[in-house]
Every structure is written in structure tokens, then in C-alpha cells.
Amino acid sequence: MLRFILARIAMALPTLLIVTVSVFLLIRMVPGDPAALMLGDNADPASIAMLHAKLGLDKPLPTQFAVWFGNLLTGDLGSSIASGQQVLPLVWSRFLISAQVVVAAVLLACAAAVPAGVFAAWRQNGKLDIGCVSIATLLMSIPTFWLGLLLLLFLGLKLRWLPVVGYVGIAEDPWRGTLYLIMPILTLFLHEMGVILRMARASTLEVMRLDYITHARAKGLTEGAVLWRHAFKNSFGPTWTLIGLVLGNLLGGVAVVETVFTIPGIGRLLVDAIFGRDYPVIQGCMLMVALVYVVVNLLVDLCYPLFDPRVTIE
Amino acid sequence: MRNFVAANAAIGSFIIGVLFIVAGIGAIWTPYDPLGISFRDKLVPPSPGHWLGTDEFGRDVVSRLMAGAATSVWISVTTVVIAVTIGILIGVTSGYSRGWFDRIVMSLNDALLAFPGILLALGLLAVLGANKYGIIVALGIAYAPSVARVVRGTVLSIREREFIAASRVVGNSEAYTMMRHVLPNCLAPLTVLTTSMFGWVLLAESSLSFLGLGVPPPAPTWGNMLASARPYIGQAVWLAVLPGLCISITLLGINLLGDALRDRLDPRMRDRT
Amino acid sequence: MEKNLLSVDSLSVRVTGIGLDVVKNVGFTVQAGEIVGIVGESGSGKTLAARAAMGLLPPGIATTGGSIKFDGEEIIGIAPRRLRQLRGSRIGMVFQEPMTSLNPSMLLGHQLDEGLALHRRLPEAKRREMILDMLQRVGMDQPERALGAYPHEFSGGMRQRIMLASVMLLRPALLIADEPTTALDAVVQRDVLELMVGLTREEGTAVLLISHDLGMVARYCDRIIVMCRGEIVEQGKSDELLARPKHPYTRKLLGAMPKRGADRSFPKEEQPIVSIRNLVVEYPGRQKLFKRDPAHRALHGIDLDIAPKQVVAVVGSSGSGKTTLGQVVAGLVKATAGEVRFDGAPIGRDQKAYWDYRMNCQMIFQDPYSSLDPRQTIGQIVGEPLRHVRDMGTAAARQRVVEVLEEVKLGADYANRFPHQLSGGQRQRAAIARAIVRRPRFVIADEAVSALDVTVRAQILDLFTELQNRHGFSCLFISHDLGVVEQVADRVIVMDKGRIVEEGDRSTIFDAPQHPFTRKLLSAVPALQAAPGGGVRLLWRLDAPEGDPLSSVQKPANRPA
């Protein structure tokens, strides 16, 4: 078991390295001089040279990478050009804000969609199944930014149940902080529920055809026992993998929902940095999200043998 | 259930058909100039003169939705073509050569897949600049690795089938076997993938435009129309509802069509009946 | 009249979606302790008829009439709760596919205990003791270890034993066994069947054995029910049914059982068309993260000669290397050492020698569903080999395709159809047509009839013999099925674990086998003897004790009593 874990971690390391290199190269691929771009057209040569030195742009590429990578290992991602803040603490604090929205939404979506998907598969082609699939397909088809706007319109403006825009940290004011988070979480929850439900249903259907399900029935087990003890555990693998992907993708795509609800998360930070050509922040955000994505998928893979004892190292 | 599947397929095809027709018309003709500003007519609700109302600059919403459809469809189709072409080239060569070439290409491919697609696109946009062509290239590169994965997987599984061995025993060259037997049998899964990818790209394009990183205003896309409608959400509901409705219906059509294609083309599903 | 344990009366089963009746007005009985066989080909409804008795029809298929009484109690329309009490406890079921009939993610201990805990109120320690005892009885070496293992740690034969243990643990009154050994190797097949029959005899359990294999059913069953297209065409005592079949379909089934063909002789001095010398195949071990697994040697120095016009059969169980041998000879797998000669010239010598061989060596594959490109028409598939024939114009090629399609009795109109529009037998005919369209002098047939139904298999074998006689190609005929081999082979090679353990003329191998492995293989295959009633009697070649002067054909002790 330990060997499996170590091998899987070893397999993730090259990926992380390539991710790091591509993020580093990104800033070098910008057409024109990034320093000049950042400082604007009227910048004097002296300040451009200063920024060059500060960003290390006056040295050869491998040296630049070595210096940058060295700093990265010590946790130094430079500082924001726009605000002068240290990048790492900035990115981390914004990441935590996004993470609470995304994680809450995905957990809720799993809790609702997985049982519903298994149930729909059990009732394959019945009215309930067709209903579940239709609703899931519909939910999946509504883009989050529009779903967010609609919720804003009805729950916020028409019914006035929830505050419309803004953000308060949960730590500062738990009650109001939660109120502000409800709509963004609901938005993501509804969208991802469709995706997960369909996957849970499809993989359960795949398993329900197999002989060991009939065998379980032939033993005299109740339908509940057949479904949960035999079908669910064996069909959960693909859904579990999907959940990992969804979690990672949401962290990348959360900018949209954060824009709708004006939440200062990592997505919004990245988009603003792209607008402002704040390259250290862009790099920081991308590294952070890619790192989390790789780690989440690693954890998902490591848990996989729990559902399928046949899985070991390739 | 059969009727349900058939009905879904019909609805999906109908929606996509209408989308392409509207986009085609929108590219050459719209009732009003989609960019024609008229402050006298701003924020007019839906009425006989402007069926779906006007926006904050008095521009006709019907015209802007049609022009937006044209832009979105053009961007999505071009992007999908780029992604699928790159993906097929990489996937086929890699899946058929196997060995060290396959291993290197697939490690790089997997590293690209280690970025969430939209994040990769955002990063590339930072480099390429936020405009139509930037989006096409960024999304094309972001989605090509998924195509490469699927194509390679399909090639690998088809290679194991007996008719490939039969082709070799006949004396056919590897290249002939590839072109004549492997590729045609990749078409079914590729069709399904291409359909879903059209949806992903359309959604990604609207999201980026919504964020202000896509097609820059004043040129309309459904995404940037929604973004500019946000401040007026209280006064002009139609501005926030209509573009989103268009995107949702389109995505629904694509999803329904994709499901129907999967049912038809996936051999596992076929064997089940 | 004896009390019926199971009595099925005018049962009908329908696929509800398309209104197709798959079981029509079927009636039969099973008495306590009796072994009854249902025989039929695919689509005969035998499995559905048996599953209906447990209320286990797949979704979309339902009973539309009739009655099923188990121990006097009506099963159709029974309350689900009561049905669950019967399942497992009174009626058990064993499935065909040992690879998918056990839950892959559940410890075997839990799976075995599940039914027992549900139906029998016993303390845990007592249940564990019963499970261990039963595992021992089905021949598990380390029952303790098996409890903490997952199914994938065992071979197919072992899993089927475990499956049997799990069902027999509850000592049901009736066991439904649906093709319980079809997926297993011939040798293992017999062991598992003997075990099943032995166990059920000891417990007094009645068995409903469903199979496509008339020989096997006849060997173990008291009575046989023959089904065809959803109907029972004939039923009766095993010996009588075999000796005096009444219904034409039963006769057809009996006629489809493989029979020995006429002996042919081959001049010794003639140069072999294909000769194989010291052929070795090694597969490199899997590349792990830091090291490589040791290489796996699939063939250990094989020598083999095939005379012109001769059919040489290779038999062996799975893992014997027979398929690898075929693939090397066909040029699909590279040999690690050794050589293949064609007309005396090593095929690896130069391009010309290889091409000469390539043009003259063709192959028929096992699975007609996978060996034809689904995107091409039969005409394209059959005509493809001709593109390498020099000086053959399009018209001549088309003419040849039509000719060959007629030879395999498909006819010219099949040229425009696609593989999915053909039945399994028709597809295999098309595959044969592709193999012989270039008039090769040597054909490799890799399990070419194994995937087919019994009667279709007989037709394809007849076709093969006919074509072989007409065109006189030599053949390397690879098969696990000794019955088929006895029908077509001139010479027989027996392989085990990558080595040839015995070889000789057909009559030598079948009448006087020397090697214990050959004898074990043969013990599973009946020899047929014409019976006065127009039917047959089955004679079983039994394992003789070591060193016993062998009289290979003995009168069977029909059932272990």
C-alpha cells in the first residue's frame, strides 16, 4: 500500500515540474517587453531597467528560471506590481475564499446527486428516471453566470431574501458572511449536481447489468442491500474521479461566479491581474490553481483502491 | 424510453439547426445595426419596434443577439476544428507508434491536462491578448489535449481488434491499415466528442466574454451582452434574461444531441439492445 | 405421482418493449433430488425460462402467462418479501461468467457470509465454521486465507468453486446452474461439474442444468429438455432421448456433435510446406516504475512440420501457448528465436521470401464480431487481399469475390451488406472467404468455430472440410475443443505451458494417448456410437490409472451415483 502511494506521488512530480515550467515560460512568451507593458508607454528607460532587474529579465533564461524556481521553493513568488503586496499571502487568502464556496457546493452536490443518480439507474427508464435525467441535463446546460444572475434577480431583487452583492468574511461576521455565500454556493451546486447525477447514473447502469448483481438478488437480499452494498460501491469509481475533476475545474472557472456576486476570490484576482498585466500575480494564481488541481486528483487517485481493490500501480 | 430518446435527438438537432441558420443570417443581415447607438431609444422594453427591446445604448437586442450568435458560432466552430485537428494528429501518431515517442508525447499531454481547461485558456489569453483570435488559439490549445487522449485511447483499443490483425495478415502496410481501418473506426467516438466539445467551447467563449476577456465591446457576443446587462438587472430584466436564455437553449441542444449520438454510436450501447 | 419440486406450466415470457415472445407455452417439472438439463442454442429461451423460476428476469422482460410452482407455491405474482425468503435459501443459482459473478470490491468472507447471515439465525462463529467447511469441500487449499481475499486473486475455475460454495452453503432444495462451466477450460470444466454433481448428490439438492452442450448434459442429467426458439421440442430420459430422438431439431443437435472424419495419408518423403524450428517467444516483463518484471516465455522451442494439404491441429488449455504459436506463424508476433520456413526457405531471409509467404499464408480468426471491419462491406472485406495480387484487374477481382462468396455459400448479394447485418455464422463464412480469396496454400485457423452455436459450428466445419478438400490448402488448426479437432485434423499436437507434450496422427492421439495431460483432456470429450434408434450413444474416455494398459474407450459409469 505504501509503495502504491509513493509510486503515485512520484508519478505526479514530473507533471508538477512541467506545470511550473509552463507557468514560468508564460511571462516570457508575452510579445514585446513585459516591463514596458506593465509600466505603460510613457515610462522612462530608468524605471524600465529597474523593473527588468527586479523581475530578473536582464539575465539569460535558464538563470532566470533557476532564480525564480529557487525563490518559489522558499515560498517567494515576488510581489504584485499593482499593489506591491507579497504574492503568496495574497493568492493564499483569496484562494481560501474561493475554496469555501467551491468545496461547499461540490459536497452538497455530491450528497444530493449521487443518491439521486443511483436511484435513477435503479428505476431505469421509469418516470422518475426520465425526470431526473431531464432535470440534470437542463441544469447542466445553464451556464453558471446566467444561473447566478437569475438567482440574484429573484432571490435578491424580487424576493429580497438575500443580500445582493458584496462579501463579508465568515470569521468576521458568521451570520452575514453565510448569507453572502448562499447564492454563489447554490449556483455552483445546481450546475454541478446535473453533471454528477448523470455520471452516477451512467456508471451505476453499467454495473447493474453484471452477474454479481443478479447473484446478490439470487441470494435473497433486499433491493436496498443489492443497490448499496453491491452496486453502489462498484460503480462509484468513475463518479469519484469526476468529482475530483469538477473540484479542480471549478477552482479554475470560479472567476465567473465571483464576478456575478463580487466575491474577492482567486478567480477574480486572476482576471483582474490579467487586465492589469500584473504578471507575478498571474503566475501565482495559475501555480496555485494548477497545484491544487494536481493535488486533488492525486488524492482522488489514492482513494480509488477503496472502491476497487483491483486497482494498483500501472 | 425509446420515444424519449428519439424526441431528445429531434429537439437537439432542431435547436442546433436553428442556431446555425440564425447565425448564418446574423452574419450578413440584422434588422438594425447591432452597433448603432441611439440614446433616445435606450432601455426600451420589448415592443413592436424592437421585439426584444434595446440596451443601455439604445441598440436593438434582436440584432445584437443575431450578430452575437454569428460571432459565437464562428469562434466555436473554428476552435473545435483547430482542437480536433491538433488532437487527432497527436493522438493518432502517438497511439499508433507506441514506445518512447508515445510516452513523451503523452506525458506532455497529461501535463497540459493537469491544468483545468479554462485556466490554461486564461493563462494563454494573458499572453495572446483578449480578442477573437486570442480566444480561438487559447481555447484550441486548451482543448486539444482532451481530443488527443480520446483519439489515442480509441486507436489503442481498435488496434487490439481482430480485423487489424487480419489487415496485417493480408499484407497491408501499417499506413494503409491506419488510414483504411483504424481512422474510420475512430469516427464514432470522435463525433460524440466533437459535439460535446462544441458545447464546452461555446460555454468557455461566453464565460471569457462575460469576464471581459473575450471579444471586446462594442462587438456583441452573448457573453459580453450579459456582462454589460449586469448593472441594469433591476431596470431591464430582458437584457439579463435573453442572452443567457440563448446560451442555455443552445447548450441544451448540444447536450441532447450529444447524448443521442452517444446512444447511437457507442458500440456498448448498441450491443445492449 | 411423485411430488414435483418445481413445476412449470404453459409459461410464456415476453420482451415487453418490442412484443417479442422469447419463451412460449413451456412446461416441465423437476423432482426433488433430480438432475434435469435444459439444452438449446442461443436464443432458445433456456436461460430466461430458468430465471423466471427465481423471479430474476432482466428489466424489460416479463412473464405473460402460465404458472411456476416451487414446492407447491406459485412464484408468478408472489409477494417480493416471500420471494426473497425463497431465493438463496431454497433456490440457489450459479452463473456462467465466473469473472463477473462475484462482487469485485467485497471480501470473499463477507460475500459468503451474506446469504447465510440473512437466511439462517446462527452465531457468527458457527457461520464461519460452516463457510470454512464448505470451502474445504469445494477444494480450496487455504480456506482461511480465502475469507480475507478479493475475487480477482483467484482463477476462473477457483471462482466458480467459490460461487458453488456460496450457493451450497444454504443447502437449497433446487440449484439452477446457467452454463456453469462454459467459460472454463475443458479440463477445469470437468472438475467443476463433477464437484457440483457430487455436492448436490450429498445434499440431496435438485439441479436444473442449462447448457448448449448436449454431450455434457447427457453425461450428468437424469432427464433432458430440448428447447428451440422459445419452445420445448422434446423432453425425456437422457439415454432414451439420445438413442431415439423424435424431434427433427433434436436429431439436428445430435448430428451437429463432432464425429471423426475419414483418415487420410500423406507421403512421408514430401517436403513440408511449413516447417518450424526451435521457435521461442518471450514477452518482455512489464516496465514498472524502477524495474522490469522478468520476461515471460510463452513458447519454449517448438518444432513442427506441416505437409502439403495436411490439417494439423494444436490443442491445449488457455495459457498453453497455442494462440501465440498461431500468431508467430502468421507473422503477427515476432519470434525471439528460431525460424519458420515456407517451401524450405526461411521467411525472414529476404523481402521476397517473406512476401511469398505472406501471399500464401492467411488466417481465420476466432471472433467474427471483431474480425470484420464494421465500416466496410462484405465485398470490400473479402476483396481486400486481392489488392496485392499482381495483374488482377478490378473486374477480375470483383469476379473472384463473387466466386468465393458463392463457395462459402453466401452468394453475390452479400457483397453489399455490412457485417452487422449478418449473423455470426454468416460472418464467419465471410471471414473464411477473405482467407481463401487469394487461393493461399496455407491457412491458420485460430479457434475459428469456438464462438459459434452448436448447429452453426457443424455447418462451418463442414464448409471448412469441403473447401480444404477442394483447394488443398494446408492448415494449422488451433482449438481447445477436442471434439472439433477429432473431426477435422490429420495430425494433432498437444501443447501445455509453452511446450509440445505429445504429437501424432489423429487416431494415435485419440485412441492411444500417452501423456497424462492428453488423457485428461480426452476424458472430457465423448465418442459417439450409432444407436439402433437412429440416435447415438455416448462413450466416455476415462482417465486410466497411471501405468494402466490403456483401453481408451470404455463404457461410461454414466453418473457418479
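Where does the protein assembly as shown land at 222 nm, in deg cm²/dmol rounded to the nearest 500, when only DSSP H runs of n ≥ 4 count, each adding -39500 (n - 2.57), divided by all residues?
On the way: 43 runs with 612 residues, N = 1148.
It comes out at -17500 deg cm²/dmol, rounded to the nearest 500.
Taking the 0 to 90 degree range and rounding to the nearest ten, how far is the long axis of helix A:127-141 tilted relative to the main principal axis of chain A, both from C-alpha atoms?
10 degrees
Per residue, how much accessible area does chain B have with a 1.4 Å probe, in Å²?
Numbers: 11340 Å² over 273 residues.
So chain B comes to 42 Å² accessible per residue, rounded to a whole number.
Grab the beta carbon distance between residue C:16 and residue C:423, set R0 = 30 Å, and tell me the FRET efficiency rounded to 0.05.
0.75
Could you list which residues have their amide H under 5 Å from that of residue C:307, counting only those 5 or more apart in sequence or on another chain, with H placed in the peptide plane?
C:273
Take the alpha carbon gyration tensor of the protein assembly as shown, find the square roots of its eigenvalues, order them as a ≥ b ≥ c, and report rounded if a/c is under 1.5; if not, report prolate when a/b exceeds b/c, else oblate. Intermediate values should be presented prior to the final figure.
Working: a/c = 2.09, a/b = 1.69, b/c = 1.24.
Verdict is prolate for the protein assembly as shown.
Name the residues of segment B:1-29, by number, that are at least 30 Å² less accessible with every protein chain in place than in the isolated chain; the surface is that of heavy atoms, probe 1.4 Å, without ligands or nucleic acids.
B:1, B:4
List, in order, the whole-Hz ³J(HN,Hα) value for each residue of segment A:102-117 obtained from phi through the Karplus relation with A = 6.51, B = -1.76, C = 1.60 and θ = phi - 60°; use x for Gly and Pro.
Result, ordered by residue: 5, 5, 4, 4, 5, 4, 4, 4, 4, 4, 8, 7, 5, x, 4, x Hz.
Near residue C:126, which aspartates and glutamates are there with a Cα under 15 Å away, not counting those fewer than 8 places off in the same chain?
Here the aspartates and glutamates satisfying the reach criterion relative to residue C:126 are C:113, C:114, C:144.
Using alpha carbon centroids, what distance separates segment C:259-285 and segment C:110-161, in Å?
46 Å
Compute, for segment A:74-225, the length of the dipole vector about the Cα centre, with Cβ point charges of +1 (Lys, Arg) and -1 (Asp, Glu) only. Units Debye, rounded to 20. Can you show the working numbers first?
Numbers: 11 positive and 8 negative charges, 101 e Å.
I would put it at about 480 debye.
Quick one: if you stick a label point 7 Å off each Cα along the C-beta vector at residue B:175 and residue B:160, how many nm between them?
2.9 nm
Any residues in segment B:160-175 that have 20 Å² or more less accessible area with all protein chains than in their chain alone, probe 1.4 Å, and which are they?
By number: B:161, B:162, B:163, B:165, B:166, B:168, B:169, B:170, B:171, B:172.
Helix A:174-208 sits at what angle to the longest principal axis of chain A, using alpha carbons and giving 0 to 90 degrees rounded to 10?
50 degrees
Subtract the Cα-Cα distance of residue C:153 and residue C:62 from 0.36 nm times their separation in residues, and report this length gain in nm to one decimal.
Working: separation 91, 0.36 × 91 = 32.76 nm, distance 3.67 nm.
Length gained between residue C:153 and residue C:62: 29.1 nm.
If you take the accessible area of A alone, add that of C alone, and subtract the area of the pair, what total do you get in Å², probe 1.4 Å, to the nearest 100? Let's see the in-between values first.
Numbers: alone 16790 and 25890 Å², together 40350 Å².
Heavy-atom accessible area buried at this interface is about 2300 Å².
Let me have the relative contact order for chain C, percent, based on Cα pairs under 8 Å that are six or more residues apart. Intermediate results must be reported in sequence, preceding the final value.
Details: 1083 pairs, mean separation 80.8, N = 561.
In percent, rounded to a whole number, it is 14.
Out of residues 5 or more away from residue C:298 or on other chains, whose amide H comes under 5 Å of its own, with H placed 1.01 Å from N in the peptide plane?
The list, which skips near neighbours in sequence, is C:281, C:282, C:283.
Per 0.36 nm of contour for each residue apart, how much would the distance between residue C:252 and residue C:141 grow if the chain were fully extended, relative to their Cα-Cα spacing? Mind showing how you got there, number by number?
On the way: separation 111, 0.36 × 111 = 39.96 nm, distance 4.33 nm.
Separation in residues times 0.36 nm, less the Cα-Cα distance, equals 35.6 nm.
Relative to the longest principal Cα axis of chain C, at what angle does helix C:424-436 sit, 0 to 90 degrees, rounded to 10?
Roughly 20 degrees between the two axes.
Just to confirm my numbers, what's the Cα centroid distance between segment B:157-224 and segment C:360-421 in Å?
Cα centres, segment B:157-224 to segment C:360-421: 31 Å.
Using a 7 Å offset from Cα along Cα-Cβ at residue A:291, what residues in segment A:91-110 end up with backbone N under 20 Å from the label point?
Only A:91-103 pass the distance filter.
From the mean inverse distance of alpha carbon pairs (Kirkwood) and the Cα radius of gyration, derive Rg over Rh for segment C:4-255. Before the final figure, lay out the partial values.
Details: Rg = 18.1 Å, Rh = 18.7 Å.
Value, to two decimals: 0.97.
Buried accessible area for the B:C pair, summed, 1.4 Å probe, in Å² rounded to 100? Please list the in-between numbers first.
Values: alone 14370 and 25890 Å², together 38390 Å².
Answer for the B-C pair: about 1900 Å² buried.
I want to check the label-to-label distance for residue A:52 and residue A:160. Put each point 7 Å from Cα in the C-beta direction and report it in nm to one decimal.
6.1 nm
Taking 8 Å as the Cα distance limit and 6 or more residues as the minimum spacing, I'd like the relative contact order of segment A:58-145 as a percentage.
Working: 27 pairs, mean separation 9.4, N = 88.
Taking the mean separation of contacting Cα pairs over the length of segment A:58-145, I get 11 percent.
Pull out a ≥ b ≥ c, the square roots of the eigenvalues of the alpha-carbon gyration tensor of chain B, then state rounded if a/c is under 1.5, prolate if not and a/b is larger than b/c, and oblate in the remaining case. Display every interim value, and only then the final one.
Working: a/c = 3.03, a/b = 1.91, b/c = 1.59.
Cα axes put chain B in the prolate bin.
How far is it, in nm, from the label point at residue C:398 to the one at residue C:469 when both lie 7 Å from their Cα along the line to the Cβ?
Distance between label points: 3.4 nm.
What are the ³J(HN,Hα) couplings of segment C:255-271, residue after residue, when phi is run through the Karplus curve with 6.51, -1.76, 1.60 and θ = phi - 60°? Round to Hz, x for glycine and proline.
Per residue, the Karplus-derived 3J(HN,Hα) values read x, 7, 5, x, 10, 5, x, 5, 6, 10, 10, 10, x, 5, 6, 5, 6 Hz.
In segment C:75-103, what residues drop by 40 Å² or more in accessible surface going from the chain by itself to the full protein assembly, probe 1.4 Å?
Listed by number, the residues meeting the 40 Å² cut-off are C:84, C:87, C:95, C:100, C:103.
Where the accessible area of chain A is counted over protein heavy atoms with a 1.4 Å probe, how much of it, in %, is carbon and sulfur?
Numbers: 9540 of 13670 Å².
That fraction is 70 percent.
Per-residue mean of other chain beta-carbon atoms within 10 angstrom of the beta-carbon, peptide A:134-147?
Numbers: counts 3, 0, 1, 7, 5, 0, 4, 12, 7, 13, 3, 12, 13, 2.
Average neighbour count from other chains, rounded to a whole number: 6.
Quick one: accessible area per residue over chain A, 1.4 Å probe, rounded to a whole number of Å²?
Numbers: 13670 Å² over 314 residues.
Spelled out: the 1.4 Å probe surface of chain A, per residue, equals 44 Å².
Pop out the carbon and sulfur fraction of the accessible area of segment C:4-255 as a percent, whole number, probe 1.4 Å.
Working: 4660 of 9630 Å².
The nonpolar share, carbon plus sulfur, comes to 48 percent.
Search the structure for amide H atoms under 5 Å from the amide H of residue A:79, placed 1.01 Å from N in the peptide plane, and list their residues when 5 or more places away or on another chain.
Amide H neighbours of residue A:79: A:87.
On a 26 Å Cα-Cα criterion, which of the cross-link pairs C:497/C:520; C:46/C:252; C:409/C:520; C:24/C:252; C:322/C:520; C:259/C:322 come out too long? Each step should come with its number before you reach the end.
Details: C:497/C:520 15 Å; C:46/C:252 18 Å; C:409/C:520 38 Å; C:24/C:252 21 Å; C:322/C:520 17 Å; C:259/C:322 23 Å.
Over 26 Å apart, Cα to Cα: C:409/C:520.
Could you state how much accessible area is buried at the A-B interface, both sides summed, with a 1.4 Å probe, in Å² to the nearest 100? Walk me through the intermediate numbers first.
Numbers: alone 16790 and 14370 Å², together 27170 Å².
For chain A against chain B, roughly 4000 Å² becomes buried.
Considering the zone a paramagnetic label at residue A:103 would reach in this model (a point 7 Å from Cα along the Cα-to-Cβ line), which residues of segment A:62-83 have amide N under 17 Å from it?
none
In sequence order, what are the phi-derived ³J(HN,Hα) couplings for segment A:68-83 according to the Karplus relation 6.51 cos²θ - 1.76 cosθ + 1.60 with θ = phi - 60°, rounded to whole Hz, with x for glycine and proline?
5, 5, x, 4, 4, 5, 8, x, 9, 9, x, 10, 5, 6, 6, 10
With every protein chain left in place, what is the accessible area per residue of segment C:4-255 in square angstrom, probe 1.4 Å? It would help to have the intermediate numbers written out before the result.
Details: 9630 Å² over 252 residues.
It amounts to 38 Å² per residue over segment C:4-255.
At a threshold of 8 angstrom on Cα-Cα distance, excluding pairs fewer than six apart, so keeping six or more, what relative contact order does segment C:147-219 reach in percent?
Value for segment C:147-219: 37 percent.
The values are calculated or read from the model by the stated rules, or taken from the named source; none is laboratory data. Note that the coordinates shown come from a computational prediction; the quantities given were computed from them, not determined experimentally. Counting neighbours? That spans all protein chains shown, and the Cβs are built from the backbone with ideal geometry, glycine included. Note: areas computed on protein heavy atoms with side chains; ligands, DNA, RNA excluded. Shrake-Rupley method; radii C 1.70, N 1.55, O 1.52, S 1.80 Å.
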